[in-house]
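I have placed the structure first, in the form of structure tokens, so that the comments after it can refer back to it.
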Amino acid sequence: MIGGLTYFVDEGWTSFWRGRGASILSLLTIAIAVFVLGLLLIVGGHARRTIDQWSRSAELSVYLADGATPDERSAVERALRAEPAVIGIDVVSKAQALARFRRDFPDLAPATAQAPDNPFPASFEVRLGASSASGAALDRLAARLATMPGVADVRFDRRWLDRLVSLGEFVRWVGFGLTAILVLAAALTVTNVVRLSMHARRDEIEIMTLVGAPMAFIRGPFVCEGMIQGGLGAVLALGALYAGMALAAPHLSAMAAGLFDLGAIRFLSWTAMAGLVAGAMAVGCLGGLVAAWRTARPR
Amino acid sequence: MIDIDGLSRRYGGAISALDDVTLHVGRGEFVFLTGPSGAGKSTLLRILIGQEVPTSGRVVVDGKDLSALKPADIQRYRRTVGFVFQDFKLVPRKTVFENVMFALRILGVPDVQQRRKTFQVLKWVGLQHRATAYPIELSGGEQQRVAIARALVNEPVLVLADEPTGNLDPDLAIEIMDLFRDMNAGGTTVLVATHDRELIRRVGRRTVALDHGRIARPA
Ligand SMILES: Nc1ncnc2c1ncn2[C@@H]1O[C@H](COP(=O)(O)OP(=O)(O)O)[C@@H](O)[C@H]1O
Ligand SMILES: [Mg+2]
């Protein structure tokens, strides 16, 4: 059994190497598919982590009118506490809002000193659970708060965050669709390249068939050849991804410093890499199988 | 060993490569299949190695009905029969030794035994000194002896040969025939197709003649 396996791998490698001109072609198509999928996973993972982080910070702010009465304030607070998605409420007074502004924008601080009175409203800053209830319930809450007496304005971050998430979902599905097409193209290329190398060795295949070699024995090396193309293609793609990230990372973080923490982009996990290589080998295996089944027959 | 009954093989509509052929070859026999070019000799042998299926009729070899064989069975059957072809059919990128040993390898014979038997049979065809050569480095006669060694190494009950001397000059042809006679003396059933009547005359064995796909001279 082990002997048979090394025979397949040896012969598969020989066949791959003899047809390396064409093998490069299928190797590259696989590499492109794995590259796109890998990029998708890296960017998607980063986007998900970033959005999670944003979701955890304050999302719902209720600004109070300067003339809001204590009763109106507590009515608003009660309404907020009644919502299960709300996990925390920070009360920010007018003075605190002013102090915060002066701290965050020291350049503009002198301007505020000239203002006759504090222009900043008091507010409730509400934290929502990351996996909190449906956006629709929160939308209703925000709308209801806006009409309550004593409320000047309601800012609800979750709305555009939701839009961002659904945009992300859309990009993801387009990406997976593209990957599926690329995988199909790669599988077809492998099939054709393996058929080409079987054609180059048709005499040998005919002889082995006539001598009575088991069909698995004849086809095995070519299936292996497909797997080698897949595996090497995936390794090539991962290498390109890694190098590309190392080269692009400094530029990206310089470009978008502050907005996104691009320095924190993580490369694929070992499990994900192993999965990609295994998947590419499976695609190569499939391509090799189709070629071998069609080309080598007992009669 | 070979029981052929009412065998016909038609290509397309009109061409009948074999037409109602009935032939019996007993265990341990040596039979020549002869006839002019186009008589149907190769077609008959292709059917006997499972490369082609009869249009009608029955072919039984060593108790196995060939038309009933599934693909995996065809390969198993082929491992029990030896074949020799006019164009030798050696694998160019394998050495003489590897070409012969391959027939044992696919039987799953242990490694040491593969080597021992391969060496023995190469010695029998007189090519033990060329074991590491590649087919292209050998003469036609030598290549055919390698092919015969490969056909015989797994001790088949039956050896089939299609024009095995077709590419060789007459003296070499006789040498090759001596190998077939020798294996037949060891008990192997041999069926050789050849159009070379002079060769048949010199070897002197039972001869079955085909003409236009029919048995011309039943024996
Ligand atoms: N694959 C084929 N398609 C059509 N006709 C064929 C095919 N193979 C053989 N024939 C025809 O069958 C006849 C017998 O051929 P063959 O068996 O090769 O004869 P032989 O080996 O005695 O010279 C010939 O007329 C040949 O043209
Ligand atoms: Mg012929």
List A:S93, A:S197, ordered by accessible area with a 1.4 Å probe, largest first: A:S93, A:S197
Highest-MSF residue in chain A out of A:L178, A:L98, A:L286 [GNM, Cα springs under 10 Å]: A:L98
Isotropic mean projected area of the C-alpha convex hull, chain B (nm²): 11.9 nm²
Whole-Å semi-axes of the ellipsoid equivalent to the stretch A:57-157 (Cα gyration tensor, √5λ, descending): 27, 16, 10
Kirkwood-type radius of chain A, with distances r between different C-alpha atoms, in Å: 24.2 Å
Span per principal axis, largest first, for the Cα atoms of the stretch B:111-179 (Å): 37, 30, 17
Fluctuation leader among B:V121, B:V31, B:V109 - chain B, Gaussian network, Cα springs under 10 angstrom: B:V109
Potential lengthening between A:A82 and A:F170 on full extension [0.36 nm per residue; Cα-Cα distance subtracted]: 28.3 nm
Net +/- balance of residues flanking B:T80 in space, Cβ distance below 15 Å, scoring K and R +1, D and E -1: +2
Average partner coverage of B:86-93, which counts Cβ from other chains inside 10 Å: 3
Gap separating the Cα centres of the stretch B:9-50 and the stretch B:68-127, nearest whole Å: 25 Å
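Would you work out the Kirkwood radius for the stretch A:1-115? I mean one over the mean of 1/r across all pairs of different Cα atoms, in Å.
21.5 Å
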Viscosity 1.306 mPa s, 10 °C: Kirkwood-radius Stokes-Einstein D of the protein assembly as shown over Cα pairs, µm²/s: 53 µm²/s
Distance in nm between pseudo-label sites at A:L161 and A:D107 (7 Å out along the Cβ direction from Cα): 2.9 nm
Cβ-Cβ FRET estimate between A:R297 and B:A185, R0 fixed at 30 Å, reported to 0.05: 0.25
Loss of accessible area when B meets A, both sides summed, Å² nearest 100, probe 1.4 Å: 1900 Å²
FRET E, pair B:K70, B:D178, Förster distance 35 Å, beta-carbon r, rounded to 0.05: 0.40
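The values are calculated or read from the model by the stated rules, or taken from the named source; none is laboratory data. It should be emphasised that the depicted structure is a prediction, and the values quoted were computed from it without experimental measurement. Every residue, glycine as well, gets a Cβ built from its backbone with ideal geometry; the counts of neighbours run over all protein chains shown. All accessible areas refer to the heavy atoms of the entire protein, side chains included, with ligands and DNA or RNA removed. Shrake-Rupley method; radii C 1.70, N 1.55, O 1.52, S 1.80 Å.
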